[in-house]
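Shown next, in structure tokens, is the structure this report addresses.
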Amino acid sequence: ALGAPALQLRAAAAQPFHNDWVATLASSPEATGGDDVALWLNALDGGAAKLLVEAAAHPGAPVWAHDGRRLAFSATLRAGENCDLYMLDTAATAGPRLIASGDAGAWQVLAWTSADLSLLVRHTLSGRGDELLLVDVDTGAMRRVDAQPAGSAGYARIGEARLAPDDRGVYLISNRGSDHDQLQYIDLYANSATELPADFDHGIGHFDVSPDGHLIALSWNDSGYDRIAVLDRRTSQLRTLANLPPGNVSALRFDHAGTHLAIELLATTAPRDVYVYDLASGGVVRWTSSRLGDFSAARLVAPLTVRFPTWDRPNGSARTLSALLYRPRSAGPHPVLIMLGGADSPPRAQLDPFVQFCADGLGVTVVQPTIRDGEPGILDLGALLAWLGAQPDTRRDRIALLGRSAGGTVALASLGLYGERLRG
């Protein structure tokens, strides 16, 4: 274990090859609260942790170079205002060295190139989107790599990004030129972009690339549940993985041989755990066993995926949208809580303590619908209210809305439009 149980651990990076040290973003042992974390170097032999960067400098997640000596990270060491990129030699006595000066935007170091000459960095521009940069460690020179064709204007949201194993390209998740997140491959030599898999009509959530570059594991959300598949780049075949617990993926990682895939999964009725999938046999082994705390596994309510007709008929028949429905175990009919997010945050089938408290503790049916943005979404909600009113196990006179993010706007507008059908 790294540090005392009371410490807040934000991120950790294991030293490659040597396996003697772990760099962590964690709170100080003397911290009494707050979210500030410092950059520490923790010895795996149980020795005392070494403070590298104070919490006041707001260090970002550290990334080790392949030499196992140097760390790259972002921090506000310069005048405590602008966020810059730094490199620190953990085997030397000198402090962090400034690589590149930044601005008020946020930097995140993602990877070192295989020769440790450059960094792959995501730069978030407030109100505009993200850009992906290759930054020379010695000179600080930057090259933007996400804008393809070369020089194309504009910014988009960029999710996970990886350097190709041969450093000839970059894989990234972005909504550039699309209404959903795509997995793209940027060829750094041809200055071209390719969508992977081709003509894939789902938003990609997470991915990883095998060490030989032949396989790509990817996940996407389908009606609240995540699916996982492996794409063979040589044959373009996409194979969906089976035998996994239903839930949502948090991370995917290949092992060094590319024969096993580690999956961080938040199941519908279990905490987040790590599972390992054998790509040859299809076998799944659960590697961790997280605790439920005060919850009883026998009383957890798994969601049902339901579909309801909405107001428009694009192809002559009613469009249907999906929703996750948590039905209490007690006899109905039950009051209903509709939880609304935005189109950029669709409902996800995962263990949510608040939802479980409502369903099991309060006897309330919880509905998490997928609705559209803007005025169409408000009309979608009206169609959902009509659908709920026709269900025999729901109380049509006791329905309330809870809106988060863009869903808050929908909830407020719907209270005005459908107030006579809502309790709050």
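Bear in mind that the values in this text are calculations on the coordinates, not laboratory data. Everything quoted here is computed from the prediction, not taken from an experiment. As a convention, Cβ positions derive from the backbone with ideal geometry for all residues, glycine included, and neighbour counts pool all protein chains shown.
How much length is gained on full extension from Ser114 to Arg144, taking 0.36 nm per residue of separation minus their Cα-Cα distance?
8.9 nm
Before rounding to the nearest 500, sum -39500 (n - 2.57) across all DSSP H runs of length at least 4 in the chain and divide by the residue total; then give [θ] at 222 nm in deg cm²/dmol.
The per-residue figure over the chain is -2500 deg cm²/dmol.
Whole Å is fine, so just give me how far the alpha carbon centre of region 234-267 lies from that of region 346-364.
About 26 Å separates the Cα centre of region 234-267 from the one of region 346-364.
Counting only residues 5 or more places away or on other chains, whose amide H sits under 5 Å from the amide H of Val53 once H atoms are built in the peptide plane?
Leu39
Just Glu131, Glu160, Glu54 to compare: in a GNM of the chain, with alpha carbon springs under 10 Å, which one fluctuates most?
Glu54
Quick one: of the DSSP bridges fully inside region 303-424, what percent are antiparallel, nearest 5?
The antiparallel proportion sits near 55 percent.
Looking at the chain only, what percent of DSSP beta bridges run antiparallel? Nearest 5 please.
Antiparallel: roughly 90 percent of the beta bridges in the chain.
From the square roots a ≥ b ≥ c of the eigenvalues of the alpha-carbon gyration tensor of region 34-73, which class results: rounded (a/c under 1.5), prolate (a/b over b/c), or oblate?
Because a/c hits 1.5 or more and a/b fails to exceed b/c, region 34-73 counts as oblate.
So, in nm, how far is label Phe357 from label Ala400 when the simple model puts each one 7 Å beyond its Cα toward the Cβ?
In this crude label model, Phe357 to Ala400 measures out at 1.2 nm.
What FRET efficiency do you get for Leu415 and Arg329 if R0 is 45 Å and r is their Cβ-Cβ distance, rounded to the nearest 0.05?
Using R0 = 45 Å, I get an efficiency of 0.90.
Which of Ala49, Ala349, Ala280 ends up with the largest GNM mean-square fluctuation for the chain, with Cα atoms connected below 10 Å?
Ala280
Assuming 0.36 nm per residue, please report the length gained on full extension of the stretch Arg423 to Asp67 beyond their Cα-Cα distance.
Length gained, Arg423 through Asp67: 122.0 nm.
I want the local charge near Ala400. Using Cβ-Cβ distances under 13 Å, sum +1 for each Lys or Arg and -1 for each Asp or Glu among the other residues.
+4
What net charge do the residues around Ile216 carry, taking every other residue with its C-beta under 13 Å from that of Ile216, with Lys and Arg at +1 and Asp and Glu at -1?
0
I want to make sure I understand the PRE zone here: with the label point 7 angstrom from the Cα of Arg299 toward its beta carbon, which residues in region 360-377 have backbone N atoms less than 18 Å away?
Zone members listed by number: 360-366.
Kindly provide the Kirkwood hydrodynamic radius of the chain in Å, to one decimal, from all pairs of distinct alpha carbon atoms.
24.1 Å
Can you give the FRET efficiency for Thr240 and His18, using 1/(1 + (r/R0)^6), R0 = 41 Å, r = Cβ-Cβ distance, to the nearest 0.05?
Calculated transfer efficiency: 0.60.
How far, in degrees from 0 to 90, does helix 374-389 lean away from the longest principal axis of the Cα atoms of the chain, to the nearest 10?
Between the helix axis and the principal axis of the chain, the angle is about 50 degrees.
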